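The structure appears right after this line, and notes come after that.
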Amino acid sequence: LRDLDNQKRMDHIDSEGMLEATYRLVNVFANPSRFRQRLVSNGSRKDLVFVGMGGSASAGDVLLDWLSERIKVPSHMVRDFSIPRFVDAKSLVICLSYSGETKETLRAFQMARRRKCGIVGVGSGGTLERACKKFGIPFFHVEPGLVPRAALGQMVEAGARALQHARLVGSVSEELRVAGRELEGLRDKIEPSVPMTRNGAKLLAFRLKDRVPIIYVLDRMSSVARRFKNQLAENSKVVAKYESLPEACHNEVEFWTGIGKTFVPVLIRDWIENSEERLLIESFRSTITRKEKKYVEVRMRAKSSLGRVLAPILFLDYVSIYLAILKGVNPGETPRIKEYKEKFGAKI
Ligand code: PA5
């Protein structure tokens, strides 16, 4: 337990610096950078597709949840090595790969080129950047040297700039700055030097130890739940699952009967919910938990639409790293992802 208040022990387990990178995630929004990359606008786009995997795909999810009310064309996040049939020369395909080496994303990139789509690359370099340069495709470069999933801030900012330059959204600068201020306030309450007794992220990590979190969220914020499920797998090496609401009300409510103590429902709330949403969540919660305190509720103060998505993500990112430290596992190391990539990459 005391591991979480022992900086030396935390640094020892977290040798890849995930805590430091998470601390810095906020800085991106507090001081948005000036991307000089301009897109050569090729008329209006009939649809938008992000392609990417894992941590890079999280950035696409966040962008879609944040900007869904503003992007007027059909928009999708594709996690696959092929792009859907409807994607053609009038589509915009934004390829997200932090390393620039993810085979699935590179395959989708090639397919988008063959279909003559408008393409933009986002990442820290690698094959994706080289290919973009070679073919004169705009590339938004983010800071290199991080663990991909810890670069979420940079990837979200770069993706937002790409959407702005493609004129799919208006200026995002002010909202990036406002979200940055909101996130700073939250981070200062949950960062590693804040002791366990008043650090909500450390306390939640302790509560989730040896449990299987079943995560629920409103569908319009599903990026948050999916990110947490993935962070639990990659950082904490813990299994979890997620489902969105109201869908779970029509199936998963049934398995919460006599389910034992292993599983714990984690309800992710939005800071601003309308009365219908509140009623929906409350009906769901009281149906699956007969007694109080048998569930976890995550609700972070933020008013900007970006802050409302990123605040729970920041909080839960910290939870996943603290949980890794409690378990004594290195949150930055993902040897099996590496192994998979080597096997798949060698043969493709
Ligand atoms: O965080 C991670 O390491 C992974 O989830 C990666 O993001 C994933 O494997 C895809 O790699 P990349 O983001 O470099 O395209």
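The values are calculated or read from the model by the stated rules, or taken from the named source; none is laboratory data. All of these numbers come straight from a predicted model, not from anything done at the bench. Neighbour counts are summed over all protein chains in view; Cβ atoms, including those assigned to glycine, are modelled from backbone coordinates with ideal geometry. Heads up: the accessible areas ignore ligands, DNA and RNA and are worked out on the full protein's heavy atoms, side chains in. Shrake-Rupley method; radii C 1.70, N 1.55, O 1.52, S 1.80 Å.
Which of these, 33, 275, 75, has the largest mean-square fluctuation under a Gaussian network model of the chain (Cα springs below 10 Å)? Comparing 33, 275, 75 in the GNM, the peak value goes to 275. Across the chain, C-alpha contacts under 8 Å between residues 6 or more apart give a mean separation that, scaled by the residue count, equals a relative contact order of 22 percent. Mean residue ellipticity at 222 nm, helices only, the chain: -14500 deg cm²/dmol; runs of at least 4 DSSP H residues each add -39,500 (n - 2.57), and the sum is divided by the number of residues.
With a 1.4 Å probe and all protein chains in place, put 336, 130, 308, 269 in order of accessible area, largest first.
Output order, biggest surface exposure first: 336, 130, 308, 269.
Here the dipole of the stretch 108-182 is about 580 debye; that uses its Cα centre as origin and unit charges on the Cβ of Lys and Arg (positive) and Asp and Glu (negative). Summarised in one figure, the compactness ratio Rg/Rh of the chain, Cα atoms and Kirkwood Rh, is 0.96. Using a Gaussian network model on the chain with a 10 Å cutoff between Cα atoms, which of 139, 284, 29 fluctuates the most? With Cα springs under 10 Å in the chain, the top fluctuation among 139, 284, 29 is at 284.
Within the chain, the whole DSSP H helices whose Cα atoms reach 24 Å or more along their own axis and whose mean Kyte-Doolittle score is at least 0.5 are 305-327. Between rounded, prolate and oblate, where does the stretch 274-320 land on the alpha carbon gyration tensor, with a ≥ b ≥ c its root eigenvalues, rounded for a/c under 1.5, else prolate if a/b exceeds b/c? Oblate is the answer for the stretch 274-320, as a/c is 1.5 or above yet b/c matches or exceeds a/b. Each residue, residue 343 and residue 280, gets one label point 7 Å from its Cα in the Cβ direction; the gap between the two is 3.9 nm. Here the contact order of the stretch 9-149, divided by its residue count and restricted to Cα pairs under 8 Å and six or more residues apart, works out to 23 percent. Relative to the Cα centre, the charge distribution of the stretch 103-250, modelled as +1 at Lys and Arg Cβ and -1 at Asp and Glu Cβ, gives a dipole magnitude of about 600 debye. Since only 267, 287, 19 are under comparison, the one whose Cα sits farthest along the positive direction of the charge dipole of the chain, derived from C-beta charges on Lys, Arg, Asp and Glu, is 19.
Would you mind classifying the stretch 1-129 by shape? Square roots of the alpha carbon gyration tensor eigenvalues, ordered a ≥ b ≥ c; an a/c under 1.5 is rounded, otherwise it is prolate if a/b is larger than b/c and oblate if not.
It comes out prolate by the Cα gyration axes.
Take the chain, connect every pair of alpha-carbon atoms lying under 10 Å apart with a spring to form a Gaussian network, then pick out the residue of 62, 73, 309 with the largest mean-square fluctuation. Result: 73 has the largest fluctuation of those listed.
Positive-end ranking of 172, 125, 56 along the dipole of the chain, with charges on Cβ about the Cα centre, is headed by 125. Classify the stretch 128-199 from the C-alpha gyration tensor, please: rounded if a/c falls under 1.5, else prolate or oblate depending on whether a/b exceeds b/c. It comes out oblate by the Cα gyration axes. So, with a 1.4 angstrom probe, what is the percent of accessible area on the stretch 182-277 that is carbon and sulfur? Its accessible area is 53 percent carbon and sulfur atoms. Across the stretch 201-241, C-alpha contacts under 8 Å between residues 6 or more apart give a mean separation that, scaled by the residue count, equals a relative contact order of 40 percent. Lysines near residue 341 by alpha-carbon distance under 19 Å, same-chain residues fewer than 8 away left out - which ones? In chain and number order, the partners are 103, 237. Using the Kirkwood radius built from alpha carbon pairs, what does the Stokes-Einstein equation give as D for the stretch 204-331 at 4 °C and 1.567 mPa s, in µm² per second? The calculation lands on 87 µm²/s. Most tightly packed first, judged by the mean number of other beta-carbon atoms within 10 Å of their residues, the peptides 310-319, 232-241, 257-266 read 310-319, 232-241, 257-266. Cross-link pairs exceeding 21 Å between alpha carbons, from the set 72/133; 209/241; 202/229: 72/133. Listed peptides 113-120, 213-220, 15-22 appear in the order 213-220, 15-22, 113-120 once ranked by packing, highest mean of other Cβ atoms within 10 Å at the front. Averaged per residue, the stretch 163-217 has 44 square angstrom of accessible surface, using a 1.4 angstrom probe with ligands and nucleic acids left out.
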